[in-house]
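What follows is a short report on a single structure.
The values are calculated or read from the model by the stated rules, or taken from the named source; none is laboratory data. Bear in mind that the values here come from a model prediction, so they are computed numbers and not experimental data. For neighbour counting, all protein chains shown are included, and Cβ atoms are generated from backbone atoms with ideal geometry for every residue, glycine included. Ligands, DNA and RNA are excluded from the accessible area calculation, which covers all protein heavy atoms including side chains. Shrake-Rupley method; radii C 1.70, N 1.55, O 1.52, S 1.80 Å.
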Amino acid sequence: MCGIIGYIGSQNAVDVIMNGLTKLEYRGYDSAGICVRDVNADDDSDDNITKSKLDIYKVVGKIQNLKDFIKDKNIYSNIGIGHTRWATHGGVVNENAHPHGDQKVAIVHNGIIENAAELREMLIKEGHIFYSDTDSEVFFILTNRLMNAGHTLRESVGLAFEKIEGNSAFVVIDHQGREIITVRRSAPLVLGDNKASDEAFVSSDPYALVGYADRLYFPEDRVVSVLSCSNKYNNNDHKKIRMYELDGSESTRFYMQAQKIEHYECDKGQFEHYMLKEIYEQPGLIRNWLRYYLEGEGENILNKVAEQISVARKVHIVACGTAWHAGLVIRDYIEKYTRIFTSVDLASEFRYRNPILNPNEDVAIFISQSGETADTLAAQELCKKEGISTFSIINVENSSLYRSCQQNLLIKAEIEIGVASTKAFTLQVLTGYLLACKIRDKFILNVDSVRPSLPLVSNSNSNSKKDMKKDISRFANKIELLLTKDKEIQEIAGELFNKKGFIYTGRGNYFPIALEGALKLKEIAYVHAEGYAAGELKHGPIALIDEEMVNVAIIGPELYDKTLSNISEIRARKGIIFAMGPENVKNALGKNDYFIPLDFSDKTDLHPIYINIATQLFAYFVAKYKGTDIDKPRNLAKSVTVE
């Protein structure tokens, strides 16, 4: 959940670290801090290194608080580390902010030390004093203890790491200021260097290194990495960064690649919030995604994945949060088009229900925006151990999930900064839709297929690439028209934002959209919202309905009459109706009901994605009226890297 950044080079480390933390703030914003070698310690003579010390600056709250805290301190150093925290162990107070350390050693940490309580008890008995409630301080004291016993910094980090349990990434510096040491286990960590400027970097996200590093390194688990100002480049060497196994031997267990992102426009432009910008980016991103899969390099990958899944008897879809909702929609596409049995599991529950996995017949698809979601990674690892072929629908290339799966389908959503996911959901579902279509094509081409008769999936009764491009291009245009209704949706949000609660309802493939719409409202507006299958209202939830409860009714042309009946049940109990659906719904609504007409004139199975855009806008405007922090909602973080 937390964001980590480290730098060693010729620039002022404070500038590089603060810029990196700003980019990483979506990973946590409970507190932030930096640690640098003392301003007077940049003389690398042995005498001065002995006298040098580390300075730690940390504050509660967002990165801006840290910027304000250090702006007049004239800090200058060529080496440092930084951290932005999402609290797990210990409250949101200054003592629990990172870095943890003293004048000689400091650490930043992302993850959870599962045996922290046991280790803390041992260290307290030895006489060590803890100043925070965090598990992270345990690692600092272990490392410091080992250094005091005569071990080098690298040795101490490795030995301390062997004593802890759980998924974590650590970045450590000492007062000598010549090295940054890192180590990880199932937590995101990327290293980078710039040969021209003789600099090295470490971060929990490649995004923070855009514009700095021209090469990226992804160390595997239990690899100790050393970023050193004493290492110089040779012709084809990466000596600025060295990798070691925990036993001290040099390691080759890392992946290196050139930086692929030269620049990303990360400001909000004309938009007040990143979330709104990302909602409006969706039509253009869909067109780029379409070119990638039907005209570019993605087509070959898509065909390979479809070929492998087409021989499966069961598909397991595993994901968390918004990605899980996307998986529910994708399940319906796969089962409808291919008749392959498909289950959808929450990653946090998947391992613990002892799932039935058959390596001869099953495949698994893991959906994640970041590719670093701890529960999803653990579920993928289980499937991998059981011999199940694993695939991902993913946004971040070379993330942990991307590197671990056999094949990956990139959603091409670019960087999503808003913590509440919008464009990633749309492109995850579209990618699953296209995959289902391709799997079905494999059956049509295979005359020996034992599958039953399968429906055509294109709205023009053709499965040609040309028709698919035309259909999805038309769909992108339709979303653009929907976005022009933003003022109508905003007006309704202004009427409803103070109501006590919201029940989203949908039937069939609109039920996952009800779940997703309710989640968005909870995430950013902090109001009670629940998603239900419309037919389940009478089985309990209808007891909540009164004059202050809003039913956000998601209506499509499918199961139309049954959905209207459910609306009537709510109206009879004086509930407030806000319907989104075809134009003719208006005739069935009362004069006090709210309604956004949507275009369902084309015969496509993409309607759930389309109507979800309207729920995204509604959640955004409700949150805006409530005055919440839309891009950084309380208690949340973008990348959930702890269980």
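Quick one: which helices (runs of 4 or more DSSP H) lie wholly within the range 260-309 and hold at least 1 residues that are aromatic (Phe, Trp, Tyr) and either at pLDDT below 95 or open to solvent by 50 Å² or more (accessible area, probe 1.4 Å) (or both)?
Numbers: elements: 274-280, 282-294, 298-309.
Output list reads 274-280.
Scanning for something in contact with a strand residue (DSSP E or B) (Cβ under 8 Å, 6 or more places away or on another chain), at pLDDT 95 or above and open to solvent by less than 50 Å² (accessible area, probe 1.4 Å), does the range 483-493 turn up at least one residue?
Let us first name the residues in the range 483-493 that are in contact with a strand residue (DSSP E or B) (Cβ under 8 Å, 6 or more places away or on another chain), namely 485, 488-489, 492.
Applying the additional criterion that residues be at pLDDT 95 or above yields 488-489, 492.
Remaining after also requiring open to solvent by less than 50 Å² (accessible area, probe 1.4 Å): 489, 492.
The answer is yes, given that some residue of the range 483-493 is in contact with a strand residue (DSSP E or B) (Cβ under 8 Å, 6 or more places away or on another chain), at pLDDT 95 or above and open to solvent by less than 50 Å² (accessible area, probe 1.4 Å).
From the list Leu481, Leu519, which one is more than 16 Å from Tyr610 (Cβ to Cβ) and assigned to a helix (DSSP H, G or I)?
Details: Leu481 fails: more than 16 Å from Tyr610 (Cβ to Cβ).
Every option except Leu519 fails the conditions.
Residues in the range 492-506: is at least one assigned to a helix (DSSP H, G or I), of a type outside the set (A, V, I, L, M) and closer than 15 Å to Phe618 by Cβ?
Step one: filter the range 492-506 for residues assigned to a helix (DSSP H, G or I), giving 492-496.
Filter again for of a type outside the set (A, V, I, L, M), leaving 494-495.
Of the ones still in play, those that are also closer than 15 Å to Phe618 by Cβ are 494-495.
Among the residues of the range 492-506, at least one is assigned to a helix (DSSP H, G or I), of a type outside the set (A, V, I, L, M) and closer than 15 Å to Phe618 by Cβ, which makes the answer yes.
Being surrounded by 16 or more Cβ atoms within 10 Å (Cβ to Cβ), within 28 Å of Leu481 (Cα to Cα) and at pLDDT below 85 is true for just one of Leu519, Leu559. Which residue is that?
Among Leu519, Leu559, only Leu559 is surrounded by 16 or more Cβ atoms within 10 Å (Cβ to Cβ), within 28 Å of Leu481 (Cα to Cα) and at pLDDT below 85.
Hey, among Ala364, Ala312, which residue is in contact with a Ser or Thr (Cβ under 6 Å, 6 or more places away or on another chain) and small (Gly, Ala, Ser)?
Details: Ala312 fails: in contact with a Ser or Thr (Cβ under 6 Å, 6 or more places away or on another chain).
Just one listed residue meets the conditions, Ala364.
Enumerate the strands (runs of 3 or more DSSP E) found wholly within the range 10-114, keeping only those where 2 or more residues are under 21 Å from the mean Cα position of the chain (by Cα), under 30 Å from Ala196 (Cα atoms) and modelled with pLDDT of 95 or more.
Working: elements: 31-37, 54-60, 79-85, 105-111.
So the answer is 79-85, 105-111.
Give the residues of the range 153-201 that are β-branched (Val, Ile, Thr) and under 28 Å from Glu397 (Cα atoms), sorted by residue number. Walk me through it before giving the result.
Restricting attention to the range 153-201, the residues satisfying the condition of being β-branched (Val, Ile, Thr) are 157, 164, 171-173, 180-183, 190.
Those that are β-branched (Val, Ile, Thr) and under 28 Å from Glu397 (Cα atoms): Val171, Val172, Ile180, Ile181, Thr182, Val183, Val190.
Checking Arg184 against (1) part of a loop (DSSP other than H, G, I, E, B); (2) surrounded by 21 or more Cβ atoms within 10 Å (Cβ to Cβ); (3) among the basic types (Lys, Arg), which test does it fail?
Going through (1) part of a loop (DSSP other than H, G, I, E, B); (2) surrounded by 21 or more Cβ atoms within 10 Å (Cβ to Cβ); (3) among the basic types (Lys, Arg) one by one, Arg184 breaks only (1).
Within the range 89-111, track down each residue that is buried (at least 20 other Cβ atoms within 10 Å of the Cβ) and among the polar types (S, T, N, Q).
Residues of the range 89-111 buried (at least 20 other Cβ atoms within 10 Å of the Cβ): 96-101, 105-111.
Correct list: Asn96, Asn110.
How many of the residues making up the range 593-643 are modelled with pLDDT of 95 or more, buried (at least 21 other Cβ atoms within 10 Å of the Cβ) and among the polar types (S, T, N, Q)?
Of the residues in that region, 3 qualify.
Which pairs have Cβ atoms under 6 Å, sit 6 or more apart or on different chains, and link a residue in the range 159-172 that is of a type in the set (D, E, K, R) to one that is at pLDDT 95 or above and not in a helix (DSSP H, G or I)?
Final answer for the pair search is Glu165/Asn115.
Test of understanding: among Ser348, Ser399, Ser370, Ser392, which residue is of a type in the set (Gly, Ala, Ser), without any contact (Cβ under 8 Å) to a residue 40 or more places away in the chain and open to solvent by less than 50 Å² (accessible area, probe 1.4 Å)? Don't jump to the end; show me each part of the working.
Working: Ser348 fails: without any contact (Cβ under 8 Å) to a residue 40 or more places away in the chain; Ser399 fails: without any contact (Cβ under 8 Å) to a residue 40 or more places away in the chain; Ser370 fails: without any contact (Cβ under 8 Å) to a residue 40 or more places away in the chain.
Exactly one of Ser348, Ser399, Ser370, Ser392 is of a type in the set (Gly, Ala, Ser), without any contact (Cβ under 8 Å) to a residue 40 or more places away in the chain and open to solvent by less than 50 Å² (accessible area, probe 1.4 Å), namely Ser392.
Out of the range 528-566, which residues are over 18 Å from Ala614 (Cα atoms) and within 24 Å of the chain's Cα centre (by Cα)?
Passing the criteria: only His528.
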